[in-house]
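Q: Sharing a structure below in structure tokens format, with a few things to ask.
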Amino acid sequence: MTSSVLQQKARWNVGDGRLFIDGSWQSGEGPTFDQVHPSTNEIVAAMPEAGQRGVDKAVAAARRAFDDGPWPQMGARERKRILQRLVDRILDASEELGHLQTLDNGIPINFSLNTRVSAVTASDIFDHYAGWIDKITGETFPQYTDSQNLHFMTYREPVGVVGAIIPWNAPIMMFALKVAPALATGCTIVLKPSELANLAALKLAEIIAESDLPQGVFNLVTGGAETGAALSDHPGVDKVTFTGSPVVGEKILSTAGRNMKRVTLELGGKSAALIFPDARGVEVAAKTTMALSSTFLSGQVCSTPTRAVVHRAILDEFLEHARAQVATVKFGDPFDLTTTSAPIISKRQVDKIMTYVDIGREQGAELVFGGDRPGGDLANGNWINPTLFTNVANDMRIAQEEIFGPVLSVIPFETEEEAVRIANSSDYGLSGGVWTSDLTRAFRVGRAMRTGTVGINGYSVMPNSPAGGIKRSGIGREGGKATIEAFTELKTLILNMDG
């Protein structure tokens, strides 16, 4: 049963949203919009639409803080100490942040508190990048010729003002992935959370507001498409980092060319899990793959393997285990520790997913289970039952287009070459998986897959490891050294020792 989420709003004293600009909280000067909870469609809070005017003020503050403020020139030790204090503050607020995230997007509280989308992970991310601050170095180069006494060396300098736009599905983790490396490298930042999920980001902004970070270094604006476009297109922004839909990412990339903004874009996926008959546990492979679509965020994660490419010899066994996994799914109150699955984020997204279910049937895929919505106590929320199609051809729309919901397409194969060809026949290339006990095959197939990340017999992300996509899945990487490079510019200094 799903109960009202408003009691959680009262528990955590959630009020209407504000903007954080130039070191102070502001109410905003434009209209407001409602943030709605997907499990019940109750209004949780009103948020200000920053719009062009609010973005102008935030970017101006970040610009001053970068061009004239102490942050980019601050010594590594002092900057590191400020970020290390944030590590502890985020960890101390982990329970509140987890509950606010569930109040944002309906992710079951057990996941919000204990998985890679938790505040513990966000704290780890800040800790990782705080550790980088005194290790961001350049290089010196051997003298190339005796005819000139020239010495070359490089420095890594902060890229400047960063505009960051994060998605609704993992706001705590995504906040950290954008903000921590920007601050570690000496950048200033304006962050916009998704209009669908603002509460956890606002709490993290409160933690930063109470830190020793100089005025204007961090700013937060709320709003929808208008505010996002104003931020990504702003001439005072030097770099845009965005996680979200390919359609929006394409617009950002197009407008970024007007003033040669740097961009990091993580735009979605249609990932394939290749399951071979020699996999150590077909049951584990099947239940893991199905669970990523049926539990946690109900398939609303860009790296989810929504194409299960399964060898025909184990197809029936795979389907049996997938059905068994779905039997363990429990919908209901997202603040109940036994709830396993999140609702769909919006009514609009529900309609989109159900349209794809109809398309799958029309194009000849076999619906094994799901494809419908629960009623009763769940009828007021955005719930869709876990759905599996088999006998899917890879050119069907349900196999090629990102659905972003609890829909798994099972595509049979006969040979390794066919499996790789199916995996690579996609406009996306974010992540993928290989399930096999043959280590040689694992490396061979993993290297052959055209995707940014491949998990072998499992998949995860860590703060010190890069992740990102190719093709329509985006540009750049987030995690580890790759992110430090993405938030800095390389400057070459040439010294003429005879000058």
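The values are calculated or read from the model by the stated rules, or taken from the named source; none is laboratory data. Source: prediction; values computed, not measured. Cβ atoms come from the backbone with ideal geometry, glycine included; neighbour counts cover every protein chain shown. For the accessible areas, the whole protein counts, side chains as well, though only heavy atoms, and no ligand, DNA or RNA atoms are used. Shrake-Rupley method; radii C 1.70, N 1.55, O 1.52, S 1.80 Å.
Q: By the scheme Lys and Arg +1, Asp and Glu -1, what is the net charge of all other residues having a beta-carbon under 14 Å from that of ASN380?
A: Charge balance near ASN380 sits at -1.
Q: Long-range amide H contacts for VAL44: which residues qualify at under 5 Å (H placed 1.01 Å from N, peptide plane, sequence gap of 5 or more or a different chain)?
A: Those qualifying (amide H under 5 Å, at least 5 residues apart or on another chain) are GLN35, VAL36, HIS37.
Q: If you bin every alpha carbon distance in the range 9-92 into 10 Å steps from zero, what whole percent lands in each bin?
A: Histogramming the range 9-92 at 10 Å steps yields 14, 29, 33, 20, 4 percent.
Q: How about the range 286-382: which trypsin sites (Lys or Arg not before Pro) there lie in a loop by DSSP and see at most 13 other Cβ atoms within 10 Å? If you can, show how the numbers build up before the last one.
A: On the way: sites: LYS287, ARG307, ARG312, ARG323, LYS330, LYS347, ARG348, LYS352, ARG361; in loops: LYS330.
Loop-located and lightly packed - LYS330.
Q: Describe numerically, in nm with one decimal, the distance between label points set 7 Å from Cα along Cα→Cβ at GLN143 and at GLU95.
A: 6.5
Q: When the Debye formula is applied to the Cα atoms of the range 166-310, each taken as the same point scatterer, what base-10 log of I(q)/I(0) results at q = 0.12 Å⁻¹?
A: These q points yield log10 I(q)/I(0) values of -0.61.
Q: Would the range 310-387 count as rounded, prolate or oblate if I go by the C-alpha gyration tensor, calling it rounded below 1.5 in a/c and otherwise prolate when a/b exceeds b/c, oblate otherwise?
A: Oblate shape, in that a/c is at least 1.5 and b/c is the bigger or equal ratio.
Q: Also, I was wondering about something else. Using Cα positions and a limit of under 20 Å, work out the lysines in reach of LYS57, with same-chain residues fewer than 8 apart set aside.
A: LYS192, LYS239, LYS261
Q: How large is the dipole of the range 1-157 about the Cα centre if only Lys and Arg carry +1 and Asp and Glu carry -1, each at its Cβ, rounded to the nearest 20 debye? Each step should come with its number before you reach the end.
A: On the way: 16 positive and 21 negative charges, 45 e Å.
Dipole of the range 1-157, to the nearest 20 debye: 220 debye.
Q: Here's another thing I want to ask about it. For the Cα atoms of the chain, what angle does the longest principal axis make with the long axis of helix 199-209, in degrees from 0 to 90, nearest 10?
A: Once rounded, one gets 20 degrees.
Q: Next question. Can you give the net charge of the other residues whose Cβ lies under 11 Å from the Cβ of ILE125, counting K and R as +1 and D and E as -1? Please list the in-between numbers first.
A: Details: positive: ARG116, LYS178; negative: ASP124, ASP127, GLU478.
Its environment carries a net charge of -1.
Q: Quick one: angle between helix 315-326 and the longest Cα principal axis of the chain, in degrees between 0 and 90, rounded to 10, please.
A: The two axes meet at around 70 degrees.
Q: Among all stretches of the chain without exposed GluC sites (Glu not before Pro) (DSSP loop, at most 11 other Cβ atoms within 10 Å), which one is longest?
A: Working: sites that count: GLU139, GLU210, GLU414.
With a cap of 11 other Cβ atoms within 10 Å, the longest stretch comes to 211-413.
Q: While we're here: Percent of accessible area on the range 10-147 owned by carbon and sulfur, 1.4 Å probe?
A: Whole-percent figure for carbon plus sulfur exposure: 47.
Q: Right, another one. Given the range 427-491, what whole percent of its Cα pairs are spread farther than 13 Å? Please report the intermediate quantities before stating the final value.
A: Details: 1379 of 2080 pairs.
Counting pairs separated by more than 13 Å, the tail of P(r) holds 66 percent.
Q: Next question, about the same structure. Charges only on Cβ, +1 for Lys and Arg, -1 for Asp and Glu: so what's the dipole of the chain about the Cα centre, in debye to the nearest 20?
A: Numbers: 47 positive and 56 negative charges, 95 e Å.
That gives a dipole near 460 debye.
Q: Over the chain, what is the percentage of antiparallel beta bridges among all DSSP beta bridges, to the nearest 5?
A: Numbers: 28 of 66 bridges.
DSSP beta bridges in the chain are roughly 40 percent antiparallel.
Q: In square nanometres, what is the average projected area of the Cα convex hull of the range 365-442?
A: 6.9
Q: When Rg and Dmax of the Cα atoms in Å is calculated directly from the model, which label among (1) 22.0, 65; (2) 23.6, 84; (3) 24.8, 97 fits?
A: (2)
Q: Can you find, among ILE90, GLN52, GLN148, the residue farthest towards the positive end of the dipole of the range 45-187? Put +1 on the C-beta of Lys and Arg, -1 on that of Asp and Glu.
A: My answer, from the dipole projection, is GLN52.
Q: Can you work out the Karplus-derived ³J(HN,Hα) for every residue in the range 134-139? Use 6.51 cos²θ - 1.76 cosθ + 1.60 with θ = phi - 60°, whole Hz, and x for glycine or proline.
A: 8, 10, 8, 10, x, 9
Q: Could you tell me how many degrees, from 0 to 90 and to the nearest 10, lie between the Cα long axis of helix 439-448 and the main elongation axis, the longest principal axis, of the Cα atoms of the chain?
A: 70
Q: Residues with beta-carbon under 13 Å from that of GLU210, excluding GLU210: net charge, scoring Lys, Arg +1 and Asp, Glu -1?
A: Working: positive: ARG85, ARG89, LYS203; negative: ASP88, ASP92, GLU206, ASP212.
Around GLU210, the surrounding residues sum to -1.
Q: A follow-up question, please. Taking the simple approach of a point 7 Å from Cα along Cα-to-Cβ for both PHE152 and ASP498, what is their distance in nm?
A: Calculated label separation equals 1.8 nm.
Q: By its C-alpha gyration tensor, with a ≥ b ≥ c as the square roots of the eigenvalues, how is the range 89-188 shaped: rounded for a/c under 1.5, else prolate for a/b larger than b/c, else oblate? Could you put the intermediate results ahead of the total?
A: Working: a/c = 4.20, a/b = 3.21, b/c = 1.31.
Prolate shape, in that a/c is at least 1.5 and a/b is the bigger ratio.
Q: Could I ask something else about it? For the range 152-200, list log₁₀ I(q)/I(0) at each q in 0.18 Å⁻¹, using the Debye formula over Cα point scatterers of equal strength and ignoring solvent, two decimals each.
A: -0.57
Q: Sticking with this structure for a sec: DSSP loop (so not H, G, I, E, B), at most 11 other Cβ within 10 Å: list which trypsin sites (Lys or Arg not before Pro) in the range 166-274 pass both filters.
A: On the way: sites: LYS178, LYS203, LYS239, LYS251, ARG258, LYS261, ARG262, LYS270; in loops: ARG258, LYS261, LYS270.
Passing both the DSSP loop test and the Cβ count: ARG258.
Q: OK, next. Per residue, how much accessible surface does the range 208-253 expose to a 1.4 Å probe? Answer in Å², no decimals.
A: Details: 1590 Å² over 46 residues.
Accessible surface, normalised per residue, equals 35 Å².
Q: Relative contact order of the chain: what whole-number percent is it, with Cα pairs under 8 angstrom and at least 6 residues apart?
A: Details: 1157 pairs, mean separation 91.1, N = 499.
Relative CO of the chain lands at 18 percent.
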